[in-house]
Every structure is written in C-alpha cells, then in structure tokens.
Amino acid sequence: MLAYIVRRILYALPILIGVNLLTFWLFFIVNSPDEMARMQLGQKRVTPEAIEKWKQERGYDKALFYNTQAEGGAAFTNTIFFEKSVRLFVFDFGSADDGRDIGYDIRQRMMPSLALAIPVFTVGLLVYITFALIIAFFRATYVDYLGVVLAVALMSISTLFYIIGGQFVVSKLLHLVPISGYDGGLAAIKFLVLPVLVGIIGGVGASTRFYRTIFLEEMSKDYVRTARAKGMAERVVLFKHVLKNAMIPILTGVVIAIPLLFMGSLITESFFGIPGLGSYTIDAIRAQDFGIVRSMVFLGSVLYILGLLLTDLSYTLVDPRVRLS
Amino acid sequence: MIQHRGLWIFIVLLAVAAGVLFTMPVKPVVLWTDALVYVLVVTLAAFFSYVRSKPHLLAPWQQVLRRPLAVAALVVLSAYVVVGLLDSVHFRPPLPQQGEYKGEDKTVHYSVEVLSLLDIVLTPLRNTVERSYSSPLATHLYSKELQQQADGSRVRDYARLKYGGAHLVNPQADYAADIAQRSVNALLQAAVAWAVLVLLWSVFLARRARKKLADFLRDVARGKTALPWRVIFVCVGALLLMITVIIELGLPYHLLGTDKVGNDVLYLSLKSIRTGLVIGTLTTLVMLPFAVLLGIMAGHYRGWIDDVIQYIYTTLNSIPGVLLIAAAILSVDLYIANNPGLFETVVERADLRLLFLCLILGITSWTGLCRLLRGETLKLRELDYIQAATAFGMSNNKIITRHILPNVMHIVLIAVVLDFSGLVLAEAVLSYIGVGVDPSMISWGNMINSARLEMAREPVVWWSLLAALGFMFFLVLAANLFSDAVRDAFDPRTGRGIH
C-alpha cells in the first residue's frame, strides 16, 4: 500500500511539471513581460522606464530560463522560470501584484471556501441520493417519468438563474438573509444558508438523474433478481442490497471531488461576497493578476492529482475485489 | 449518386445563395466562425445523406424520431438553428455616396458596421432604439426624467417612447384595447397560417403514404403515424404563433422591453442565439479530430504512444478548466490589445475572440471523450475480427479506419450531443467571470452579466435577465431532451434492460 502511494506520487511529478511548463508558456512566452506591462500600465504613452519599473517590482526583469549574467547555480536560480514556477513545488507562491503574500491569502481564504463547499457537498449528496432512490423505487411509472423530465428541466436552467433568483426572492423580497457578505465564526451561518441552498438546488437535476442511472444499472444485475426471487420485499431489496452495492460507483465517483472542495466555487462565492478561494480567483482574473492565477492553477492540479490517488485508494476500501498493483 | 440527390440539391442551393450575395452591392464578410459554420453545415448534410443511404445507420435515427419528446425538441432546435444560420451570413452595406462627389468618384465605400441576414430581417427591431430602459410592451420610459412642457415649464415625468406604442394617440385610454386587439389578431393569423400549412403538408404526406387525406388526418389526430406528426404540427403551430406575436406586438411595441441604452431586448436575445450555437457546436468540431485520433491511437498502439497520450490528457485534465480558459483568454486579450491594427471592424475582433474561446473550450473538453475512446478501442482490439485482420497483415491505418472507427462512432456521436448543452450554459458563466465572449458581442452571458446591476436597481429591471435566461433555457432543454433520445438509441448499454 505504502509503496503504491509513493509510486503514485512519483508519477504525479511529471504531470505537475507539465502543468507548470504549460502555464509558464502561456504567461511568459506567448506574452512577454513587456507586453503584460504595457497592458497593465495602459496602451498609450507608456515609457520604457515605466515598463522596466513595473517588471522590476514583480521580478519579471530577469532572463527566462538561463541568466547569462549570473554564475554557477545562480544562472538557473536567478531566472523568471525558477523564481515564478519552480518555487511553486514547495508551495512558495510569491506575492501578488498589490504586494500581498499569495500563500498567506490562500491559507486565510481556505476556511470560508470550505464552510460553503462542505455543506453543499455533503447535504447535496444526501439529497440527490434520496431523490434518486425514490425515483428508482417508482421506476417505469409516471413518478419516474415526471421525475426525469423535471430533472432534465432543472439541469437546463443556468446556475446564474438560481443564484440571481435566490438572492432576489429570499434576500430582496423576503428579507430573510443578507444578500451578500461574510463574517467569522458562527455569525457566518446567516450568510451561508442561501448560497448552500442555491448550490444544492443548482446541482439537483444533473445529479439526481446521474444517480438514478447508477441505481437502475445496479437493479438490472443478477443478485437483485435472486433477492426478489427469494420473496424479499422491493423496499428491502432496494435499501439493503442495491443501495449498498451502488455505493461503490457513487463513492468512487465523488472522492475525486473532495480535494477540489478547497478551491471553492467561483460563481457562488463571487455573487455572495464570500471571501473564499473562488472569489479570490475571479478577482485575480478580473484584475489580470497573473501571479495569483498561476498559483491557483498549480494548486488546482495538485488537488486534482490527489483526488485521483484517493479515488484509487477508495476502490480498495469499499470493494475488496480490487487490489492495487 | 442517386441516393445523394438531396445533398447535391443542397450544395447547389448554397452555391446559388453565395453567388447572389456576392453580386449584391455589398461587401461580403466571411468571419472565421462563419467559415467554420459553413464547413459544419456541409459536413452534417453529407453525414445525413450518407446515413440515409445505409439502413443499418438509419435505424437508430428512426428510433430517435419515433419519440415525441425528441421530435418536439428537434423542431425547437431547428428554429434556433435557422436563426443562427441567418445570423452567420455577414456583409458590410455600402455607404450612401457623398453628395458633391456623386458622379466623379465611383468607388463605393462600405460601412464599418457588419450586418447579417438576420439583421436585415429584424431591421424594424434593430433600428427602434429608445433612450433607455422601458419595460415589456411599455409606452413610456421606465424612469422619470426632466421634460420640457409646451408652455416652457419643466416637470419630472415618464417620457413617451420614441417607437414603442408610438401609434397610440392617447396611451392611457387606448393601450389595453390595442394590446388585446393585436393579441387576437396574432392568434387568428397564426391559426389561419397553421391550418393552411398543416393542410398542404398533410396532402403531400398523405400522397406519399398513398393514403386518403381524411385517413391520414385521423391517424395524425390519434397519434398513430410512424413519425409523430401530431407533435410536429403542434410545435410548428406554437412557433407560428410566436412569429405572429412578434409581428403584431413586437413591431409596434418592444415585446421584451429595452435595455440600458434602449436596444430592443427581443433583438438582443435573437442575436445571442448564434453566439450560443457557435460555442456549442464549433467547440466540439475543433476538439473532435484530436479526441478521436489520439484516443484510438492510444488504445490501438498501446506502449509508449499510449503513455504519451495518457500523459497529455492527464496533464490538461488536472488544470482546473475555468483557470486554463482564463489563462488562455487573458493571453488572447493581450495579443488583441497589442495588435489593434489587425482587425478592420469590431465584429471581426470579437469574432476572433469567440473562435479562441471555442478552441480553448475544446482543449479543456476533449480529454473525457479521448479517455472513453481509448478504453473502447482497448476492448475492441481484442475482439476476433480485429485479431483476424491483424493476422491477415492488414495495415494499422486500415484497421483503424475500417474496423475501429465505425465501431466507436456511436460514442463520438453521444459525446457531441451531450456536450452541446453544457457548453451553451458555460458561455454565460464564463462571460460573467470576464473570460467569455468579447463584451461587444451580443450573447446571453453578456446580457445576464449586465442584468446583475439591473437587479440591484429600484424598481428592478428584470426583463433582459429573464429574456436571456428563457431563450437559453429552451435551447438547452431541447438539446438535453434530444441528446437523451440519441443516447438511448445509440448506446447499446442503455438501449435495453434499463428502459
């Protein structure tokens, strides 16, 4: 087991290097730091001195890969690639355009993100599975048909509608919770109720339909027929046998999403003014702060790879037939 | 050749249309996305013409067309596609010649404004620009402003609209009656048009089915025809009603209100259709060759090729999609900002950004299909007939094109259809973040984005938000229902047992 994990982590390294090279290429080769400076400072009447100053403040005035002016190891370390990309591997994110430490900001903003993402994830999963079970119980009846059509209709509505509509009805018309904002500690609850609700409702269509197909696939298997042939009640078959076995594809499917919960949800956080990593990313994209975007790309890929690893491990935990090799 | 007659007629019609356009006194503009849309249309026409000639390929499509919901969705989708195609033929109209130069200078100068055929059709909607917000079917502006009275005094009041309800002499008294009258007119016109259309269509269909017209109509009414004609006729009726409502109420009034700068919201919503369709279809079009080629190669050759391809798609997949799109679009923005001379018109610039958005979305979304195809190819290559082909010394190219490709096409098709609705929805979200289509381009995402501030106004401006969401909802719903039917018909797993 341990050897397997170590090997997987070693496999992850080339992928992270690839991600790093790709983002480096996008941000420094496709567009040179000069062009970035010109865009940030405004197109017209920008002096070369201003560009140099802008680059120097951010450490973009060095050579890309190999610094001919430096000696020894510094020829490699005193470059943009080393300063901006290689350091990400030790989670040294550097500082943003406004001088703040990105690593500190990320640590600060992780908690609000999780406070929103974890309830949406757990409660959502429970709700979706319950709905899917109910629909599966009434399969091939009008309940099933209506449920599926409703699910398709719900998943055809843009997330933005749920957010804007929810804010409008709950906050603006009914004055039940604040429209947006955040507070530390337990006071955060009143700010989180609506976003969590919106997050759950936003996913209800697609997820219910997805879990329904998993349940139906499971119900067409032989052991279910055997259970029915033994004279078991449909209720027992569904909750005792099907639910347990369907948990394997469901669990392994959701495990990959767990590490990514840290990244927060872009749209919801930004609409509700929650100071999490999602709104951090959006603000960075809007302000064209490349340092933050690069850090978030790297963090996101690390978490994704962690999710892949956890998925494989969870297979062995829930399904004894699977062995790691 | 005879079975491809339909295709040839189609191509000739396209050529004639192009010829007519080129001889008109306008300057045709073929945007990048336009060209790709034409390629897509011709490819689709060729594909369906081929499918029609092969019974085994036609069978699952016939199964799709037997489902009433799928057919209804198809009618709705076709309506969207027609609007989108009309909006994909662009040109620049000539400017009127300056008075004093008339006669001497024969060179025609063209407007920098790029129009499409849809703009021409919707000219009455496009040109009736008010001063600011007005609610649906309003006769007055939505907010009070200072007005000069006849006697010179100034009052703050709701100003009359320049176009909306301008035909009413006394809006307070005549408004309700006028709206009612026009609604009834629209209903009547739609009913007459529908009856004529259905009758003519039925005569044609009955003759083809060698049935009496009365028998055929009875079958239709009972829903006993092979194709669900009853559903088709009902949907067409609904579409006709919408058209007559637009003619009767949308021309004299602003059916869906106007936005901040006074543009008709109905016009904006209709113009957004092309943006949505382009993103939904071209994205798949650009990613398809990569996904299919790499997926099949990885599964077929295995070994180091498989390792490399798996490495590429895991790397791309591990970057959060939105961030990759954001990073790439920021780069494109930089490029556009630093090369302003490359584009003659704003539309061309916006179009290039749209194309890049499709490319980037394609890059982030091909990995799933690639992995599916790799898995399927791995399974296929162990089957007897491919083992036999290998044993006979068939070349790899031939095995892939003859034996593997046709047998994974159903996966490709399902993926294409399933991706569409997600991409249309993604456009709105990306435009909100600021990495979607160009802000100057009319799209549902941009409409929703501006609606954010409108919802905070007092009183609330709700119509452009609801219009954008509504238009988007029906497109996505139709696409979802249609793709469900396609999946059920083509996926051997869900075809039996589950349903």
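Chymotrypsin sites (Phe, Trp or Tyr not before Pro) within the range A:101-194: which are DSSP loop residues with at most 16 other Cβ atoms inside 10 Å?
A:PHE138
Straight-line reach from B:LYS144: taking Cα to Cα under 13 Å and skipping same-chain neighbours fewer than 8 places apart, the aspartates and glutamates in range are B:ASP157, B:GLU458.
Each of A:LEU192, A:SER220, A:PHE161 was placed along the dipole of the range A:140-262 (beta-carbon charges, centred on the mean Cα), and the one lying farthest toward the positive end is A:SER220.
Of the residues A:VAL177, A:MET247, A:GLY307, the one whose Cα sits farthest toward the positive end of the charge dipole of the range A:116-318, with +1 on the Cβ of Lys and Arg and -1 on the Cβ of Asp and Glu, is A:MET247.
Given a Förster radius of 22 Å and the C-beta distance between B:LYS224 and B:LEU57 as r, what FRET efficiency does 1/(1 + (r/R0)^6) yield to the nearest 0.05?
Working: r = 27 Å, r/R0 = 1.21.
FRET efficiency, B:LYS224 to B:LEU57: 0.25.
The angle between the Cα long axis of helix A:142-155 and the main principal axis of chain A comes to about 10°, on a 0 to 90 degree scale.
Sites listed here are chymotrypsin sites (Phe, Trp or Tyr not before Pro) in the range B:193-232 whose DSSP assignment is loop and whose Cβ has at most 10 other Cβ atoms within 10 Å, and the list is empty. Rolling a 1.4 Å probe over the heavy atoms of the protein chains gives the protein assembly as shown an accessible area of 50 Å² per residue. For the pair A:PHE239 and B:SER153, a Förster radius of 45 Å applied to the C-beta separation gives a FRET efficiency near 0.05, rounded to the nearest 0.05.
The mean sequence distance of close C-alpha pairs (under 8 Å, at least 6 residues apart), as a share of the length of the range B:168-250, puts its relative contact order at 44 percent. Under the combined filter of DSSP loop state and at most 16 neighbouring Cβ atoms within 10 Å, the range B:402-499 retains these trypsin sites (Lys or Arg not before Pro): B:ARG457, B:ARG496. Exceedance of the 31 Å cut-off in Cα-Cα distance is limited, within the set A:LYS190/A:LYS240; B:LYS54/B:LYS211; B:LYS54/B:LYS398; A:LYS172/B:LYS260, to A:LYS190/A:LYS240. Taking 0.36 nm per residue of separation and subtracting the Cα-Cα distance, full extension of the segment from B:LEU251 to B:ALA176 would add 25.3 nm.
Could you grab the relative contact order for the range A:199-325? Cα pairs under 8 Å, six or more apart, rounded to a whole percent.
Across the range A:199-325, relative contact order equals 23 percent.
Remark: spin-label model distance A:GLU57-A:THR213 equals 5.1 nm, labels positioned 7 Å along the Cα→Cβ axis.
Projected label points at B:LYS144 and A:ASP101, each 7 Å from Cα along the beta carbon direction, are separated by 5.6 nanometres. Take chain A and mark each of the trypsin sites (Lys or Arg not before Pro) that is in a DSSP loop with at most 10 other Cβ atoms within 10 Å; the longest unmarked stretch, sites excluded, is A:46-229.
Multiplying the residue separation of A:LEU150 and A:LEU21 by 0.36 nm and subtracting their alpha-carbon distance yields 42.0 nm.
Please label the shape of the protein assembly as shown as rounded, prolate or oblate, based on the square roots a ≥ b ≥ c of the eigenvalues of the alpha-carbon gyration tensor (a/c under 1.5 means rounded; beyond that, a/b larger than b/c means prolate, else oblate). If you can, show how the numbers build up before the last one.
Values: a/c = 1.40, a/b = 1.10, b/c = 1.27.
Rounded shape, in that the Cα axes give a/c under 1.5.
In terms of the Cα gyration tensor, with a ≥ b ≥ c the square roots of its eigenvalues, is chain B rounded because a/c is under 1.5, prolate because a/b exceeds b/c, or oblate? Prolate, since a/c reaches 1.5 and a/b exceeds b/c.
Averaged over the residues of peptide A:14-22, the number of Cβ atoms from other protein chains lying within 10 Å of each residue's Cβ is 4. Protection proxy ranking, highest mean first, for peptides B:148-154, B:217-223, B:256-262, B:185-191: B:256-262, B:185-191, B:217-223, B:148-154, where packing is the per-residue count of other beta-carbon atoms within 10 Å, averaged. Normalised by the number of residues in chain B, the average gap of Cα pairs under 8 Å and 6 or more apart makes the relative contact order 19 percent.
Per residue of peptide A:159-166, the mean number of Cβ atoms on other chains within 10 Å of the residue Cβ is 5. Measuring r between the beta carbons of B:GLU458 and A:ILE189 and using R0 = 22 Å, the FRET efficiency lands at 0.20. Think of the range B:168-250 as having a plus end and a minus end, set by charges on the Cβ of Lys, Arg, Asp and Glu; of B:ALA226, B:ALA191, B:TRP201, B:ALA226 sits farthest toward the positive end of this dipole.
I'd like the carbon and sulfur percentage of the solvent accessible area for the range B:235-309, probe radius 1.4 Å, heavy atoms only, ligands and nucleic acids excluded. Accessible surface attributable to carbon and sulfur in the range B:235-309 totals 79 percent.
Dipole magnitude for the range A:116-318: computed about the Cα centre from +1 point charges on Lys and Arg Cβ and -1 point charges on Asp and Glu Cβ, it is near 620 debye.
For a label point 7 Å from the Cα of B:ASN185 along Cα→C-beta, name the residues of the range B:230-256 whose backbone N is under 13 Å from it. Residues B:244-253 fall inside that zone.
Loop sites here are GluC sites (Glu not before Pro) outside DSSP states H, G, I, E and B with no more than 13 other Cβ atoms within 10 Å. The longest part of chain B free of them is B:114-343.
Can you give the charge dipole size of the protein assembly as shown about its Cα centre, rounded to the nearest 20 debye, using +1 on the beta carbon of Lys and Arg and -1 on the beta carbon of Asp and Glu?
The dipole magnitude comes to about 3100 debye.
The modelled label-to-label distance between A:LEU173 and A:LEU114, using points 7 Å beyond Cα along the C-beta direction, is 3.7 nm. Shielding of peptide B:324-330 by partners, expressed as the average count of other chain Cβ atoms within 10 Å per residue Cβ, is 6. For chain A, just say rounded, prolate or oblate: build the C-alpha gyration tensor, square-root its eigenvalues into a ≥ b ≥ c, call rounded for a/c under 1.5, and beyond that prolate if a/b exceeds b/c, oblate if not. Since a/c reaches 1.5 but b/c is at least a/b, the shape of chain A is classed as oblate.
The values are calculated or read from the model by the stated rules, or taken from the named source; none is laboratory data. This structure is a prediction, so every number in the text was calculated from the model and none was measured. Don't worry about glycine lacking a Cβ; one is built from the backbone with ideal geometry, like all the others, and counts go over all protein chains shown. We work out accessible area using only protein heavy atoms, side chains counted, and drop any ligands, DNA or RNA first. Shrake-Rupley method; radii C 1.70, N 1.55, O 1.52, S 1.80 Å.
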